[in-house]
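Visitor: Take a look at this one; I'll ask things after.
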Amino acid sequence: MRGYNVIAVFAPDRRTMLMCRRVKDPYKGLLNMVGGKIESGEDGYTAAYRELFEETGITRGDIRITHLMTFTYPLCDEYVEVYAGGLKRAVTLREEKNPLLWVDVSENFFDMKRFAGEGNIGHIMEHIKIHRSEIFD
């Protein structure tokens, strides 16, 4: 099974979330959480921190992430691990290939004309609200 991850990164004040604008398909032009592929033999946390650093320049020292959920797609032979965390302090971002931007957490993340993932980002955001104390302790 091929593994991927997405990481919901929140600003220190928790009012905005870091997203990227996809420059290629799938979801070209739509907003998505940062993340990428889990390499063979790599554990989920290692992969999430690696992708976070590669795509944004954010380090383990800047944020503590929590594994929130995993989506499994048997018909595609894929899974996606979802992580969330809040930055400990302001950071200088470094884009890899997708432009990065901060999005207000009050957005309608179920809007599939703006956000990637067929509504999954909205679903993820609702679970982040439920588990806020475990993620942002």
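Visitor: Identify, please: which residue in the stretch 53-86 is out of contact with any Lys or Arg (no Cβ under 9 Å at 6 or more places or on another chain), of a type in the set (A, V, I, L, M, F, W, C) and over 19 Å from residue 22 (Cβ atoms) and is, among those, surrounded by the fewest Cβ atoms within 10 Å (Cβ to Cβ)?
Guide: So the residue we want is 75.
Visitor: May I pose another question? Go through the stretch 9-47 residue by residue and tally those that are within 17 Å of residue 98 (Cα to Cα) and either buried (at least 22 other Cβ atoms within 10 Å of the Cβ) or not acidic (Asp, Glu) (or both).
Guide: Selection size over the stretch 9-47: 21.
Visitor: Among all residue pairs at least 6 apart or on different chains, which show Cβ distances below 8 Å where the first residue, located in the stretch 32-45, is farther than 17 Å from residue 95 by Cα and the second is in a loop (DSSP other than H, G, I, E, B)?
Guide: 45/65
Visitor: If you don't mind, another one. Restricting the search to the stretch 115-136, which residues are within 21 Å of residue 27 (Cα to Cα) and out of contact with any Leu (no Cβ under 6 Å at 6 or more places or on another chain)?
Guide: Residues satisfying the conditions are 117, 118, 119, 120, 121, 122, 123, 124, 125.
Visitor: When you go through 27, 73 one by one, which is the residue that is modelled with pLDDT of 95 or more and in contact with a Gly (Cβ under 8 Å, 6 or more places away or on another chain)?
Guide: 27
The values are calculated or read from the model by the stated rules, or taken from the named source; none is laboratory data. Small disclaimer: the values here were computed from a predicted structure and weren't measured. Cβ coordinates were reconstructed from backbone atoms using ideal geometry, including for glycine residues, and neighbour counts include every protein chain displayed.
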